[in-house]
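**Q** One structure coming up, written as structure tokens, with questions to follow.
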Amino acid sequence: MERKFHILFTLLFFGSSFLSVSHCSKQSDIILSQYEESLAIAKNSNRKLIVVFGADWCPDCRALEGIFREPEPKALLTQNFLILKVDVGRFDKNLSLNEKLGNPIENGIPALVVIDPTGKILTSTKGGEFSNASKMTKEQVLEYLYRL
């Protein structure tokens, strides 16, 4: 009886592990596909792509989003950039794209990666430059954007 329980437990464990891996794989495929589509659109429109890694629970992410919606930043972004928002959840989602782009979330979110129309990474906020966005002014964000 104990052996049957052990076999059943093993099957259930590996079965659930397979489902988790399958789900993660599909999730990473989706975000990588969205990234590739965004790169193609950026190239066709001759704009830079800004990949914004964040999460809805993050106050600094919401603050940066608010600044991006203000008239001057919004106009600058619309004219020169394409934005791809990437939800990292609790640092457990869409990590395949994070890894592909050099782990920009290592020192906090929001984290930005700016890519030129040819696909070359121009800059990344790997140092956590926007991880205190709730304390940043619109002018500080604009200064960063204008340098791009």
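The values are calculated or read from the model by the stated rules, or taken from the named source; none is laboratory data. As the structure is a computational prediction, the values presented were derived from the model and not from experiment. Note: ideal-geometry Cβ built from the backbone for every residue, glycine included; neighbour counts use all protein chains shown. For the accessible areas, the whole protein counts, side chains as well, though only heavy atoms, and no ligand, DNA or RNA atoms are used. Shrake-Rupley method; radii C 1.70, N 1.55, O 1.52, S 1.80 Å.
To keep it simple, each residue is scored yes or no on (1) open to solvent by less than 70 Å² (accessible area, probe 1.4 Å); (2) in a strand (DSSP E or B); (3) hydroxyl-bearing (Ser, Thr, Tyr); (4) modelled with pLDDT under 50.
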{"position": "ILE7", "(1), (2), (3), (4)": "no, no, no, yes"}
{"position": "CYS24", "(1), (2), (3), (4)": "no, no, no, yes"}
{"position": "TYR35", "(1), (2), (3), (4)": "yes, no, yes, no"}
{"position": "ALA42", "(1), (2), (3), (4)": "yes, no, no, no"}
{"position": "ALA63", "(1), (2), (3), (4)": "yes, no, no, no"}
{"position": "GLY66", "(1), (2), (3), (4)": "yes, no, no, no"}
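**Q** Give me a count of the residues in region 103-134 that are farther than 19 Å from ALA42 by Cβ, without any contact (Cβ under 8 Å) to a residue 40 or more places away in the chain and open to solvent by 70 Å² or more (accessible area, probe 1.4 Å).
**A** 4
**Q** Can we say LYS74 is surrounded by 16 or more Cβ atoms within 10 Å (Cβ to Cβ) and among the charged types (D, E, K, R)?
**A** no
**Q** Applying the selection to region 85-102, what residues are loosely packed, with under 14 Cβ neighbours inside 10 Å, in contact (Cβ under 8 Å) with a residue 12 or more places away in the chain and farther than 21 Å from ARG62 by Cβ?
**A** Answer for region 85-102, where residues must be loosely packed, with under 14 Cβ neighbours inside 10 Å, in contact (Cβ under 8 Å) with a residue 12 or more places away in the chain and farther than 21 Å from ARG62 by Cβ: just GLY102.
**Q** From the list GLY119, GLY54, which residue is at pLDDT below 95 and under 22 Å from ASP29 (Cβ atoms)?
**A** GLY119
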